[in-house]
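Q: Pasting a structure here, questions to come.
The values are calculated or read from the model by the stated rules, or taken from the named source; none is laboratory data. Predicted model, so just to flag it, every value in this text is computed and none were measured. Cβ sites come from the backbone with ideal geometry, for glycine too, and all protein chains shown count toward neighbours. Ligands, DNA and RNA are excluded from the accessible area calculation, which covers all protein heavy atoms including side chains. Shrake-Rupley method; radii C 1.70, N 1.55, O 1.52, S 1.80 Å.
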Amino acid sequence: MYNFAAYFDWKNMIAVEGLKVEFGVKPLFSNVSFVINTRDRIALVGKNGAGKSTMLKILCGQEHPTAGTVSVSADTTIGYLPQVMNLQDDTTVRAEARKAFADVEQLKQRVERLEHQMSERTDYESDDYMALVERYTAEHERYLMMGADSQDAEVERTLTGLGFLRTDFERPTREFSGGWRMRIELAKILLRRPEVLLLDEPTNHLDIESIQWLEQLLATWSGAVVLVSHDRAFINNVSNRTLEISCGQVTDYRVKYDEYVILRRERREQQLRAYENQQKEMADIREFVERFRYKPTKAVQVQQRLRQLEKMEIIEVDEVDNSAMHLKFPPCLRSGDYPIICDEVRKAYPLTSHPLSLTSEHLVFSHVNLTIKRGEKVAFVGKNGEGKSTLVKCIMGEIPFDGTLKIGHNVQIGYFAQNQAQLLDESLTVFDTIDRVARGEVRLRINDILGAFMFGGEASEKRVKVLSGGERSRLAMIRLLLEPVNLLILDEPTNHLDMPSKDVLKEAIKAFDGTAIIVSHDREFLDGLVTKVYEFGGGRVREHLGGIYDWLHSRGEGVEMRGERIEVRGDRKDLPTASANSKDVPSPATPVSTSSQKNDYVAHKELQKQIRKAEKAVEESEKKIARMEQRLKELDALLCDPNKASDMTLVAEYTDTKRQLDAEVERWETLAEELETINNKQ
């Protein structure tokens, strides 16, 4: 039942007390109590099936508990983003996002009605009139606080943050995929500015840039946030509190996710010790009962022991963490030294409605030159729709392209994409599907492997035809892990995996002797796994040496690494410099003359000045490139309009901008080399 209290302490937004939910014989959870306060950033965690999504639905009122109460403080608004939604296709992106302000329009009408009532009254000294004035003042202030005058700017800022281009704003929503339409729904929820945000896997359809934008937004959210996510970096950067659903109970950890992991490990060790002690005590009692059950002189003691056994509250232990399980790929042939070589690869799709050669095709990418060496683990990153999966399909030979793409000698490709799940034999069980590809000693560990990917117990006996899309994807991933390949190509492999499963997959790829190409937006999964990043954007593919966080640093963005936030902006004065490095700081035991210190200091300051100047030049060049790439996209969209396809002014601007972009890219490469040379002097 729901009790919308008339008055709550300002910090208590939602209070849950004695909550119990039953779907079968065993309760999903019982006797659960906790409070959600203002500024709480709660990560709701637990294994798949523990009841995380159910808890969110109960908090927002979509489902009702078997027992207990959920009390929501007066005037508290709740925004809920489920994993699956019924989406509307009857309007444009901008118009759909503006639906978020329907409450503002209603509030505006209430303010106008109150104004009208006040204008008709003449009893200015009466208590009734003063109450009307107070009500009008409160409603008007609330209307102003909701930012009614800046709705269009808020809509544009939010849609842009979630990855939409300005040219997308007037496009019909039906032209977008389900993932992009989910972004529109997320934008609507954020624009409503509810006091409590309930988000169920909000990063599933976001790229890295949009995920980081959402992190920063949630960090400054004025209300409370409760989120379910398998993106470890995301929930760690957002959360300041963790609620764990386990063994039908909710445990409250007043720490962010990374700290929770440590505390949970300690708690589980305590649980195990308590469980083992209790089991020993129970075994001793049973042994006593069996020994003296039929001795009249011990009848009283036997009955006492039996009552003691009945009153014992059995200690439950959390399910064993399978993330520590190691999985190795089977032996495979050694491939050539260079499994993948791309030389001037280009891919464009024809636009038959536009006869003008300049706009007769949609360019995905061009001038792609890359070489992937044997044993390298590389990441394909960039916004959705920039060509990551397209290049993968070119490598697989699924689509035609221009240029040269060579597959090395003895290369055996293992490819995982979302449609791989549709190729499974629906008549087989989960266990039989894996049993048919497992070889050697792996066959003895099939149940352990299935358990690590959330197919433990009876789930292994399910037939493929009854599995959900996510379950099929996980099963297809397990099959791939057991096949003898030397080149792995994984397109969004973590979308349907929980954290322990992702850990198993990550460790398996790290130990893999072959080559791996991974298309993913999951920073935590890529961190420590890949040594090279290929960035897709603006029709180009750029190579970045180093890991995923090295790439993020190179973009000059705020980066979260190992729980620390490093802001990179402007001239990057806040970045650690060489002066912070121990090799540049004289040891206290080493005497250094004042003159020498002064000379070193002057030289160091001059070097830092050169670095800042070079970094600023690189940053300005990157901004110019971004502006020109954005303008090219806008011009391309304009020229796709049949009415403007023959506008030679636009054609000339397109050609000129493209020429300037190519020149600026060459200039950026020179500046970047100069910056690297200066940095090497430190």
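Q: Exactly one condition in (1) open to solvent by 90 Å² or more (accessible area, probe 1.4 Å); (2) over 30 Å from Pro500 (Cβ atoms); (3) modelled with pLDDT under 80 is false for Lys298; which is it?
A: All conditions pass for Lys298, except number (1).
Q: For segment 469-489, give me each residue that is open to solvent by less than 30 Å² (accessible area, probe 1.4 Å) and touching a residue at least 60 places away in the same chain (Cβ under 8 Å). Reasoning before the result, please.
A: To start, the set of residues in segment 469-489 that are open to solvent by less than 30 Å² (accessible area, probe 1.4 Å) comprises 470, 472-478, 480-482, 485-489.
Within segment 469-489, Ala476, Met477, Leu480, Leu481, Leu482, Val485, Asn486, Leu487, Leu488, Ile489 meet the criteria.
Q: Check Glu535, Glu492 and return the single one that is open to solvent by 20 Å² or more (accessible area, probe 1.4 Å), of a type in the set (Asp, Glu) and at positive phi.
A: On the way: Glu535 fails: at positive phi.
Exactly one of Glu535, Glu492 is open to solvent by 20 Å² or more (accessible area, probe 1.4 Å), of a type in the set (Asp, Glu) and at positive phi, namely Glu492.
Q: Among the residues of segment 179-223, which ones are within 16 Å of the chain's Cα centre (by Cα) and charged (D, E, K, R)?
A: Arg183, Asp200, Glu201, Asp207, Glu209, Glu215
Q: For segment 129-140, give me the residue count where each residue is surrounded by 13 or more Cβ atoms within 10 Å (Cβ to Cβ) and hydroxyl-bearing (Ser, Thr, Tyr). Reasoning before the result, please.
A: First, the residues of segment 129-140 that are surrounded by 13 or more Cβ atoms within 10 Å (Cβ to Cβ): 129, 132-133, 135-136, 139-140.
With hydroxyl-bearing (Ser, Thr, Tyr) added as a condition, the list becomes 129, 136.
Number satisfying all stated conditions: 2.
Q: Checking the condition assigned to a helix (DSSP H, G or I) and open to solvent by less than 30 Å² (accessible area, probe 1.4 Å), which residue from Leu191, Leu199 passes?
A: Numbers: Leu199 fails: assigned to a helix (DSSP H, G or I).
Exactly one residue qualifies, and that residue is Leu191.
Q: Sort out which residues of segment 453-468 are without any contact (Cβ under 8 Å) to a residue 24 or more places away in the chain and either surrounded by 19 or more Cβ atoms within 10 Å (Cβ to Cβ) or under 14 Å from Gln422 (Cα atoms) (or both), and write them in order of number.
A: Hits for segment 453-468 are Val466, Ser468.
Q: Take the residues in segment 75-128 that are among the small types (Gly, Ala, Ser) and part of a helix (DSSP H, G or I); name whichever of them is surrounded by the most Cβ atoms within 10 Å (Cβ to Cβ). Even if it seems obvious, please write down each step before you answer.
A: Start the filter on segment 75-128 by keeping residues that are among the small types (Gly, Ala, Ser), which leaves 79, 95, 97, 100, 102, 119, 126.
Pick out the ones that are also part of a helix (DSSP H, G or I) and you get 95, 97, 100, 102, 119.
Working: Ala95: 14, Ala97: 27, Ala100: 22, Ala102: 11, Ser119: 7.
Within segment 75-128, the match that is surrounded by the most Cβ atoms within 10 Å (Cβ to Cβ) is Ala97.
Q: Pairs only if they're at least six apart or on different chains, beta carbon under 9 angstrom, first in segment 276-300 and of a type in the set (S, T, N, Q), second open to solvent by less than 100 Å² (accessible area, probe 1.4 Å); list them, first residue then second.
A: Final answer for the pair search is Asn277/Ile315; Gln278/Met312; Gln278/Ile314; Gln278/Ile315; Gln279/Ile315.
Q: Looking at Glu63 and the list (1) in contact with a helix residue (DSSP H, G or I) (Cβ under 7 Å, 6 or more places away or on another chain); (2) open to solvent by 40 Å² or more (accessible area, probe 1.4 Å); (3) within 30 Å of Glu170 (Cβ to Cβ), which single condition is not satisfied?
A: Unmet for Glu63, out of (1) in contact with a helix residue (DSSP H, G or I) (Cβ under 7 Å, 6 or more places away or on another chain); (2) open to solvent by 40 Å² or more (accessible area, probe 1.4 Å); (3) within 30 Å of Glu170 (Cβ to Cβ): (3).
Q: Something else about it: Hey, among Glu535, Glu564, Glu560, which residue is modelled with pLDDT of 90 or more and either within 16 Å of Phe234 (Cβ to Cβ) or of a type in the set (D, E, K, R) (or both)? Even if it seems obvious, please write down each step before you answer.
A: Values: Glu564 fails: modelled with pLDDT of 90 or more; Glu560 fails: modelled with pLDDT of 90 or more.
Glu535 is the lone residue from the list that is modelled with pLDDT of 90 or more and either within 16 Å of Phe234 (Cβ to Cβ) or of a type in the set (D, E, K, R) (or both).
Q: Moving to a separate point now. Could you list, in sequence order, all residues of segment 1-33 that are open to solvent by less than 40 Å² (accessible area, probe 1.4 Å), within 16 Å of Ile78 (Cβ to Cβ) and either at pLDDT 90 or above or more than 28 Å from the chain's Cα centre (by Cα) (or both)?
A: Of everything in segment 1-33, those that are open to solvent by less than 40 Å² (accessible area, probe 1.4 Å), within 16 Å of Ile78 (Cβ to Cβ) and either at pLDDT 90 or above or more than 28 Å from the chain's Cα centre (by Cα) (or both) turn out to be Ala5, Ile14, Ala15, Val16.
Q: Additional query: Which of (1) in contact (Cβ under 8 Å) with a residue 12 or more places away in the chain; (2) under 30 Å from Ser210 (Cα atoms); (3) open to solvent by 40 Å² or more (accessible area, probe 1.4 Å); (4) in a loop (DSSP other than H, G, I, E, B) is the odd one out, the single condition Glu398 does not satisfy?
A: The number of the failed condition is (1).
Q: Right, Lys393: of a type in the set (D, E, K, R) and without any contact (Cβ under 8 Å) to a residue 24 or more places away in the chain or not?
A: Details: of a type in the set (D, E, K, R): yes; without any contact (Cβ under 8 Å) to a residue 24 or more places away in the chain: yes.
When the stated conditions are applied, Lys393 passes them.
Q: Out of everything in segment 610-667 that is basic (Lys, Arg) and without any contact (Cβ under 8 Å) to a residue 12 or more places away in the chain, what residue ends up being nearest to Ile678 (Cα to Cα)?
A: So in segment 610-667, the residues basic (Lys, Arg) come out as 612-613, 616, 623-624, 627, 631, 633, 644, 658-659, 667.
The next check asks that each one be without any contact (Cβ under 8 Å) to a residue 12 or more places away in the chain; those that pass are 613, 623, 627, 644, 659.
Numbers: Lys613: 11, Lys623: 21, Arg627: 27, Lys644: 48, Arg659: 29 Å.
Top of the filtered list is Lys613.
Q: Also, quick follow-up: So which of Arg286, Arg305, Arg291 is of a type outside the set (Phe, Trp, Tyr), outside any strand (DSSP E or B) and surrounded by fewer than 12 Cβ atoms within 10 Å (Cβ to Cβ)? Steps first, answer last, please.
A: On the way: Arg286 fails: surrounded by fewer than 12 Cβ atoms within 10 Å (Cβ to Cβ); Arg305 fails: surrounded by fewer than 12 Cβ atoms within 10 Å (Cβ to Cβ).
Exactly one of Arg286, Arg305, Arg291 is of a type outside the set (Phe, Trp, Tyr), outside any strand (DSSP E or B) and surrounded by fewer than 12 Cβ atoms within 10 Å (Cβ to Cβ), namely Arg291.
Q: Looking only at segment 161-184, count how many residues are hydroxyl-bearing (Ser, Thr, Tyr) and either modelled with pLDDT under 85 or in a loop (DSSP other than H, G, I, E, B) (or both).
A: Pass one, segment 161-184, residues hydroxyl-bearing (Ser, Thr, Tyr): 167, 173, 177.
Imposing the further condition that a residue be either modelled with pLDDT under 85 or in a loop (DSSP other than H, G, I, E, B) (or both) reduces the set to 177.
Result for segment 161-184: 1.
Q: Got a sec? Which strands (runs of 3 or more DSSP E) wholly within segment 204-275 have at least 1 residues that are surrounded by 23 or more Cβ atoms within 10 Å (Cβ to Cβ)?
A: 224-228, 241-246
Q: Considering only segment 177-188, state which residues are aromatic (Phe, Trp, Tyr) and open to solvent by less than 10 Å² (accessible area, probe 1.4 Å).
A: Let us first name the residues in segment 177-188 that are aromatic (Phe, Trp, Tyr), namely 180.
Correct list: empty.
Q: Next question. Restricting attention to segment 508-551, and to residues there that are under 19 Å from Tyr415 (Cα atoms) and among the aromatic types (Phe, Trp, Tyr), which single residue is farthest from the chain's Cα centre (by Cα)?
A: Phe512
Q: Could I ask something else about it? Consider Gln422 against the criteria (1) at pLDDT 90 or above; (2) assigned to a helix (DSSP H, G or I): it satisfies all of them except one. Which criterion is unmet?
A: Among (1) at pLDDT 90 or above; (2) assigned to a helix (DSSP H, G or I), Gln422 violates only (1).
Q: If you don't mind, another one. Report the residue count in segment 401-432 for those that are among the aromatic types (Phe, Trp, Tyr) and open to solvent by 60 Å² or more (accessible area, probe 1.4 Å).
A: Here is the first cut: in segment 401-432, the ones among the aromatic types (Phe, Trp, Tyr) are 401, 415-416, 431.
Subsequent filtering for residues that are open to solvent by 60 Å² or more (accessible area, probe 1.4 Å) retains 401.
Adding up the residues that qualify gives 1.
Q: Could you figure out which of (1) in a helix (DSSP H, G or I); (2) open to solvent by 40 Å² or more (accessible area, probe 1.4 Å); (3) at pLDDT below 85; (4) within 27 Å of Glu185 (Cα to Cα) isn't true of Gln151?
A: Failed condition: (2).
Q: With the condition kept exactly as written, say whether any residue in segment 637-655 is of a type in the set (Asp, Glu), part of a helix (DSSP H, G or I) and open to solvent by less than 60 Å² (accessible area, probe 1.4 Å).
A: Of segment 637-655, the ones of a type in the set (Asp, Glu) are 641, 647, 653.
Narrowing the set further to residues that are part of a helix (DSSP H, G or I) leaves 653.
From what's left, open to solvent by less than 60 Å² (accessible area, probe 1.4 Å): none.
No - not one qualifying residue is present in segment 637-655.
Q: Next question. So Ile517 fits all but one of (1) β-branched (Val, Ile, Thr); (2) surrounded by fewer than 21 Cβ atoms within 10 Å (Cβ to Cβ); (3) within 23 Å of Val364 (Cβ to Cβ); what number is the exception?
A: Failing condition for Ile517: (2).
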